[in-house]
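Heads up, the thing below is written out as structure tokens.
The values are calculated or read from the model by the stated rules, or taken from the named source; none is laboratory data. The structure displayed is predicted, hence computed values, not measured ones. Every residue, glycine as well, gets a Cβ built from its backbone with ideal geometry; the counts of neighbours run over all protein chains shown. Areas reflect the complete protein model, heavy atoms only, side chains present, ligands, DNA and RNA absent. Shrake-Rupley method; radii C 1.70, N 1.55, O 1.52, S 1.80 Å.
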Amino acid sequence: MSIHTALNTLRPEASQAPESGIVEVFNYGRDRAGLIPLWVGEGDLPTPAFISEAAQDALLAGETFYTHQRGIPELRQALAFYHARLYGKPFDAERFFVTSGGMPAIQIALRMVAGQGDEVVVPTPAWPNFAAAAEVGGAKVVEVPLTYGNAGWTLDLDRYFEAVTPRTKALFLNSPCNPTGWTATRAELQAILDFARARGLWIVSDEVYTRFYYEGERSPSFYDVAEPDDRILYVNTMSKNWAMTGWRVGWLSAPPAFGQVIENLVQYSSSGTPKFLQRGAVAALDQGDAFIDFQRERAEAAREIVCSGLEKTGRVRLVRPAGAFYAFFSVDGEPDSRALALRLVDEAGVGLAPGDAFGAGGAGFMRLCYLRNLDQVREATRRLADWLAK
Ligand SMILES: Cc1ncc(COP(=O)(O)O)c(C=O)c1O
């Protein structure tokens, strides 16, 4: 049997896992000289030195051994203090579980609640990794398209709830949303929680962009409406707030009663997050508030440059996002986002992500990540506007 035929002997959930549509364009244009890369979801700043130094000190001090599966106590405590500051109420350190990034937090959440034959309901457009990971695990993803109108993107809650069947195990929600910037109101979160409670459903709440919110210090959260023991798995990461995408440190927040289950799932996957990296995360949580404020202000200024610049072209349909750091827009006369993304690499020198990489609801849209220095954001906007004017 050739090695290619052997591909057919793999689990179909693995061999048929979709290639990321974002990575395809990225691979196409990654080495272009002078290209401004706005395709992936990260900023241009390296991790602040005080965070890196804490990790470096720990590494040099020999913190190189196997570590706590739930995370080092100091980091779980730092997470509890950070949440207490942000949400204005006490948090139990026992509810925080350190993971090797936001994506592994999603993986563990999925392993806990949805396997073969189960369904999860996902509003789209959405960052594709949740749905792909659910399917690799054997679960079925039921997409509920957000509605796009003059007021921007909205989630029709009746539609969301109607998508639930007897096989549904979990509702997935990402607010603020990558890529649309849609952000649930407190009332919407309350309605979703009431529904999930009534039906005995889990909620997987991805709140990684909560600090990138342009109408306050943070977006509304399930923490505002839920009890500590509600069936909610909160996914979060050090990646975005503290410019730590390459570190691969995140966290899951869950009722402490699930601690042993989560510990086991960490053991049988990553077996824990390197201790010296966790020391960096402690420094970030304890001393990183000013850096987050700086990033949010910069993102807000960039949002203005991009949105007003593209609106002026008259060829773009766009609504200013309430949260996250992406402009998600369609271009008149350009329905094929994948083809447009490839052309913009060649003809405008700007790397964008094609909207259809984010589920059916994203077809015809483009995602632009604007978390960068403002000169580059201005230049990218100028290049796009010039290209659109041709
Ligand atoms: C909505 C959402 N959730 C989770 C993640 C994953 O974060 P991490 O890089 O820590 O795995 C991302 C990253 O882009 C994201 O956009």
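Rundown of residues vs (1) hydrophobic (A, V, I, L, M, F, W, C); (2) within 14 Å of the ligand (Cβ to nearest atom); (3) closer than 28 Å to Gln16 by Cβ; (4) in the same structural domain as Ala84 (by TED's automatic domain parsing), yes/no style:
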{"site": "Ala163", "(1), (2), (3), (4)": "yes, no, yes, yes"}
{"site": "Cys177", "(1), (2), (3), (4)": "yes, yes, yes, yes"}
{"site": "Arg199", "(1), (2), (3), (4)": "no, no, no, yes"}
{"site": "Asn241", "(1), (2), (3), (4)": "no, yes, no, yes"}
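Report every pair of residues separated by at least 6 positions or lying on different chains whose Cβ atoms are under 6 Å apart, first residue within the stretch 1-15 and under 20 Å from Gly117 (Cβ atoms) and surrounded by 10 or more Cβ atoms within 10 Å (Cβ to Cβ), second at pLDDT 85 or above and β-branched (Val, Ile, Thr).
Sorted first by the residue in the stretch 1-15, then by its partner, the pairs are Glu13/Val136.
Would you be able to tell me the number of residues in the stretch 312-326 that are within 23 Å of the chain's Cα centre (by Cα) and away from the ligand (no atom under 16 Å from the Cβ)? First the steps, then the outcome.
Narrowing the stretch 312-326 to residues within 23 Å of the chain's Cα centre (by Cα): 318-326.
Adding the requirement that they be away from the ligand (no atom under 16 Å from the Cβ) leaves 318-320.
Number satisfying all stated conditions: 3.
Looking at Arg303, Arg298 in this structure, which one is farther than 30 Å from Leu75 by Cα and assigned to a helix (DSSP H, G or I)?
Details: Arg298 fails: farther than 30 Å from Leu75 by Cα.
Residue meeting the stated conditions: Arg303.
Go through the stretch 97-124 and report how many residues are within 15 Å of the ligand (Cβ to nearest atom) and assigned to a helix (DSSP H, G or I). Outline the logic, then answer.
Here is the first cut: in the stretch 97-124, the residues within 15 Å of the ligand (Cβ to nearest atom) are 97-110, 120, 122-124.
With assigned to a helix (DSSP H, G or I) added as a condition, the list becomes 102-110.
Qualifying residue count for the region: 9.
Find the residue count for the stretch 22-54, including only residues that are open to solvent by less than 50 Å² (accessible area, probe 1.4 Å) and more than 16 Å from the ligand (Cβ to nearest atom).
Qualifying residue count, the stretch 22-54: 6.
Being open to solvent by 50 Å² or more (accessible area, probe 1.4 Å), aromatic (Phe, Trp, Tyr) and within 16 Å of the ligand (Cβ to nearest atom): is that true of Trp127 here?
yes
Quick one: Gly71 ticks every box in (1) surrounded by 22 or more Cβ atoms within 10 Å (Cβ to Cβ); (2) within 18 Å of the chain's Cα centre (by Cα) except a single one, so which number is it?
Of (1) surrounded by 22 or more Cβ atoms within 10 Å (Cβ to Cβ); (2) within 18 Å of the chain's Cα centre (by Cα), only one is false for Gly71: (2).
Within the stretch 253-263, can one find any residue that is within 11 Å of the ligand (Cβ to nearest atom), surrounded by 22 or more Cβ atoms within 10 Å (Cβ to Cβ) and either within 26 Å of Pro90 (Cα to Cα) or not β-branched (Val, Ile, Thr) (or both)? Steps first, answer last, please.
Kept after step one, since they are within 11 Å of the ligand (Cβ to nearest atom), are these residues of the stretch 253-263: none.
No, because not a single residue in the stretch 253-263 is within 11 Å of the ligand (Cβ to nearest atom), surrounded by 22 or more Cβ atoms within 10 Å (Cβ to Cβ) and either within 26 Å of Pro90 (Cα to Cα) or not β-branched (Val, Ile, Thr) (or both).
Considering every residue within the stretch 222-238, establish whether at least one is without any contact (Cβ under 8 Å) to a residue 24 or more places away in the chain, more than 10 Å from the ligand (Cβ to nearest atom) and surrounded by fewer than 23 Cβ atoms within 10 Å (Cβ to Cβ). Don't jump to the end; show me each part of the working.
From the stretch 222-238, those without any contact (Cβ under 8 Å) to a residue 24 or more places away in the chain are 227; that's our starting set.
Then drop every residue that is not more than 10 Å from the ligand (Cβ to nearest atom), which leaves 227.
This time we only want the ones that are surrounded by fewer than 23 Cβ atoms within 10 Å (Cβ to Cβ), so: 227.
Checking the stretch 222-238: at least one residue is without any contact (Cβ under 8 Å) to a residue 24 or more places away in the chain, more than 10 Å from the ligand (Cβ to nearest atom) and surrounded by fewer than 23 Cβ atoms within 10 Å (Cβ to Cβ).
Does at least one position in the stretch 237-248 carry a residue that is in contact with a strand residue (DSSP E or B) (Cβ under 8 Å, 6 or more places away or on another chain), in a loop (DSSP other than H, G, I, E, B) and under 15 Å from Phe97 (Cβ atoms)?
Taking every residue of the stretch 237-248 in turn, at least one turns out to be in contact with a strand residue (DSSP E or B) (Cβ under 8 Å, 6 or more places away or on another chain), in a loop (DSSP other than H, G, I, E, B) and under 15 Å from Phe97 (Cβ atoms).
Of everything in the stretch 249-275, what is of a type in the set (Phe, Trp, Tyr) and part of a strand (DSSP E or B)? Give them in sequence order. Please lay out each step first, then the result.
First, pick out the residues of the stretch 249-275 that are of a type in the set (Phe, Trp, Tyr): 251, 258, 268.
Correct list: Trp251 only.
If you check Val225 against the conditions, is it closer than 24 Å to His68 by Cα and out of contact with any Cys (no Cβ under 8 Å at 6 or more places or on another chain)?
Details: closer than 24 Å to His68 by Cα: no; out of contact with any Cys (no Cβ under 8 Å at 6 or more places or on another chain): yes.
Judged against the criteria, Val225 is not a match.
Does at least one position in the stretch 361-370 carry a residue that is within 16 Å of the ligand (Cβ to nearest atom) and assigned to a helix (DSSP H, G or I)?
Among the residues of the stretch 361-370, at least one is within 16 Å of the ligand (Cβ to nearest atom) and assigned to a helix (DSSP H, G or I), which makes the answer yes.
So, in the stretch 196-211, exactly how many residues are within 25 Å of Ala290 (Cβ to Cβ), in contact with a helix residue (DSSP H, G or I) (Cβ under 6 Å, 6 or more places away or on another chain) and either among the aliphatic types (A, V, I, L, M) or buried (at least 23 other Cβ atoms within 10 Å of the Cβ) (or both)?
Selection size over the stretch 196-211: 1.
Report yes if some residue within the stretch 336-353 is among the hydroxyl-bearing types (Ser, Thr, Tyr) and within 16 Å of the ligand (Cβ to nearest atom); otherwise report no.
Looking only at the stretch 336-353, we keep the residues that are among the hydroxyl-bearing types (Ser, Thr, Tyr), and these are 337.
Those still in the list that are within 16 Å of the ligand (Cβ to nearest atom) too: none.
No, the stretch 336-353 has no match at all.
Has the stretch 367-375 got any residue that is open to solvent by 10 Å² or more (accessible area, probe 1.4 Å) and among the hydroxyl-bearing types (Ser, Thr, Tyr)? If you could, list the steps in order and put the result at the bottom.
Within the stretch 367-375, the subset open to solvent by 10 Å² or more (accessible area, probe 1.4 Å) is 372-375.
Then drop every residue that is not among the hydroxyl-bearing types (Ser, Thr, Tyr), which leaves none.
Checking the stretch 367-375: not a single residue is open to solvent by 10 Å² or more (accessible area, probe 1.4 Å) and among the hydroxyl-bearing types (Ser, Thr, Tyr).
Could you tell me whether Pro228 is within 17 Å of the chain's Cα centre (by Cα) and not hydrophobic (A, V, I, L, M, F, W, C)? Steps first, please.
On the way: within 17 Å of the chain's Cα centre (by Cα): no; not hydrophobic (A, V, I, L, M, F, W, C): yes.
When the stated conditions are applied, Pro228 does not pass them.
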